[in-house]
Amino acid sequence: MTQVPAPRGSGSVSTRGGGAVAKKSPGSIDYVPADAVGFEILPEALRRALSGVLLGTELAADAEHPVTKRQQDGTHYQFASGWWVSSERVVVVEGRRTLERVGDNQFKPSGEWAVSGTVYQFPLGLVPETSRWRFDGGAAGDGKTRKQKAANALDALPPPLVAPVLGGLAGAWQRYRRGWAMETVVALRLTNDRVKVLSAEREASSLRALASSDWRATTLDSPIVAALSITSDSRGRVELGQSSTASQLHR
């Protein structure tokens, strides 16, 4: 069973709505406590370095927790990755920094993050679509809603909603405080020259009430018109490389 993070505290999170109505979501996700979720998982130094690249209002974003990896020569490095989307572009980023051994299976950073990745540019004036997906508990014999467990994040959403982003990257999390709770599912799928994005949220007065709340989804389906390479110098400052047109993109 896939488990994904749910932080103990939360700040405010924007909501979206409107659009057509559809059937219930098929499953619920098992969450575990976490100190950060979504793009906030990416180390702060990397997020600061990317501040000039993240243009527009965030539509969806996610990151993987940093991991320690061993190279063939026996040295180690830390690796982090994430993605971020607005209505203007997709930013796919990786970060590496050298680690110095300070004990058995203990390391400390040695140097700045080296940043790499790609910025995929959308056409001007792109407008994401919004929709609402109504929960329908169905009829159980004892009057209680039967709950399935989701094998991954996208299993928590209606199949017609997630079909365009299946096979891509996906993540989910919950934020909550007294009297308020929100669940978020995001997904990104990059194909040869196209990007498909999903951000779905549902909000309620408690974690228990989330299970019967409507999903409000924002989706984006766009061609890629250009791509910029992301690199960094010896001080960790991010630079963008030469642009490629959509016809030159090969993934």
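Read the figures in this text as sums done on the coordinates, not as results from a lab. Keep in mind that this is a model prediction, so the values were computed, not measured. Ideal geometry is used to build each Cβ from the backbone, glycine not excepted, and the neighbour counts take in all protein chains shown.
Sorting the Cα pairs of region 74-131 by distance into bins of 5 Å, from 0 upward, gives 4, 16, 18, 14, 12, 10, 8, 7, 6, 4, 2 percent per bin.
Rounded to the nearest whole Hz, the Karplus-based 3J(HN,Hα) values (6.51 cos²θ - 1.76 cosθ + 1.60, θ = phi - 60°) of region 93-105 follow the sequence 9, 10, x, 9, 9, 5, 10, 10, 6, 10, x, 5, 6, with x at glycine and proline. Here LYS149 is the anchor, and the aspartates and glutamates within straight C-alpha reach of less than 12 Å, apart from those fewer than 8 places off in the same chain, are ASP30. Gain on full extension, evaluated as 0.36 nm per residue between ARG101 and ASP221 minus their Cα-Cα distance, stands at 38.7 nm.
Taking 7 Å along the Cα-to-C-beta vector as the label spot, tell me the LEU55-ARG70 distance in nanometres, rounded to one decimal. Going by the 7 Å Cα→Cβ label model, 4.4 nm. Once the Cβ-Cβ distance of LEU166 and ARG237 is raised to the sixth power relative to R0 = 51 Å, the FRET efficiency obtained is 0.85.
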